[in-house]
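One structure is given below, encoded as structure tokens.
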Amino acid sequence: MYDQAEALRNMIRSSAGVQAGRGTRIITVTSGKGGVGKSNFSLNFALALQQLGKSVLVFDADIGMANLDVLMGHSATYSIYHLLKQDKTIWDIIQLGPQGLHFVAGGSGMNELLSLSDAQLNKFIDQLDKLQGRYDYLLFDTGAGLSKEAASFIAAAHETIVVTTPEPTAITDAYALMKMVRSFGHNPSFRLVVNRALDAREGQQTADKIAMAASKFMGIEVPLLGIIADDPSVSRAVREQRPFSLAYPASDATRGVQSIARTYLQMPALKEAANGGVKGFLHKMIRLMK
């Protein structure tokens, strides 16, 4: 009998529309503060992209606060830690979530990167490089707030989605996050999602505040990807440990995240995915973490 790793190898190799050599885009999802729904957005955004025919692998890169597996009610057997320390392959640690979504569970693994020998580090990079062309998108759900690890993901990725809410503290922290990453000399491409908005007007006003400040004081554009309504279905789905877009497909929040996925696919790419690919992303991320 095939084990899960072998089944995943065969599934990925035979996936329609995903071919070795095709550009794989690296997206990080982050927020200026916790509690704004970042991880919930990451999960349901990935599912929405998948429903639109895209192949997605989600990494829970929120060190110390990893909870993607909890949100989807799937107990993960392995995490990135097992790839680093227990000689598992990338195919071993990829787990299957709802609707067959591929994900890598979080844990303390990323903390171990800087303690690896050069040989171990090269092995880690070679393993993740196998993902190049096998997925359309690698989506990294990073920790909230500004840490060195989160800043490294943001700077190395092709683009970063910043999730905020209309709360004043969330707005100021989202702006501060972008400003601090820029102050380190990085020039990442940001997009914005406004979560838990009472209505479209409040969501647009929130986005306008951040966009105006970013343009005036940093000289950058922060395009709005979309707005997700403040919807009680989301908290119900969290208690049920089900993605809200699957538990409540007709909800306002689901319509919001599906609209964001469609908008994302229609917007022009902010950076070329072919430049260094997965291996280039990993080399840059690790260099910045040191």
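The values are calculated or read from the model by the stated rules, or taken from the named source; none is laboratory data. Remember, it's a predicted structure, so these values are computed and weren't measured experimentally. Cβ coordinates were reconstructed from backbone atoms using ideal geometry, including for glycine residues, and neighbour counts include every protein chain displayed. We work out accessible area using only protein heavy atoms, side chains counted, and drop any ligands, DNA or RNA first. Shrake-Rupley method; radii C 1.70, N 1.55, O 1.52, S 1.80 Å.
Kindly state, to the nearest 0.05, the FRET efficiency for THR89 paired with LYS148, given R0 = 25 Å and r defined as their beta-carbon distance.
On the way: r = 28 Å, r/R0 = 1.11.
Result of the calculation: an efficiency of 0.35.
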Positive-pole candidate from THR77, HIS186, PHE103, dipole of the chain, charges at beta carbon:
HIS186
In the neighbourhood of LYS290 defined by beta carbon distances under 13 Å, the net charge of the other residues (Lys, Arg +1; Asp, Glu -1) is +1
Bin all alpha-carbon pair distances of the chain at 10 Å intervals from 0 and give each bin's fraction as a whole percent.
6, 30, 38, 21, 4, 0, 0
Of the heavy-atom accessible surface of the chain (probe 1.4 angstrom), what whole percent is carbon and sulfur?
49
Quick calc, LEU52 & LEU116: beta-carbon distance into FRET formula, R0 41 Å, rounding 0.05, result 0.65
If the limit is 31 Å between Cα atoms, which of LYS85/LYS148; LYS33/LYS284; LYS85/LYS179 go over it?
LYS85/LYS179
If you put +1 on each Lys and Arg Cβ and -1 on each Asp and Glu Cβ, how big is the dipole of the stretch 204-290 around its Cα centre, in Debye rounded to 20?
480
Relative contact order for the stretch 201-290: what percent, with Cα pairs under 8 Å and sequence separation of 6 or more?
21
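Once you list every other residue whose beta carbon is under 15 Å from the beta carbon of MET212, what net charge do they have if Lys and Arg are +1 and Asp and Glu are -1?
Net local charge, MET212 excluded: +1.
Rounded to the nearest 20 debye, what is the charge dipole size of the chain about its Cα centre when +1 sits on each Lys and Arg Cβ and -1 on each Asp and Glu Cβ?
Working: 30 positive and 26 negative charges, 109 e Å.
Magnitude of the dipole: close to 520 debye.
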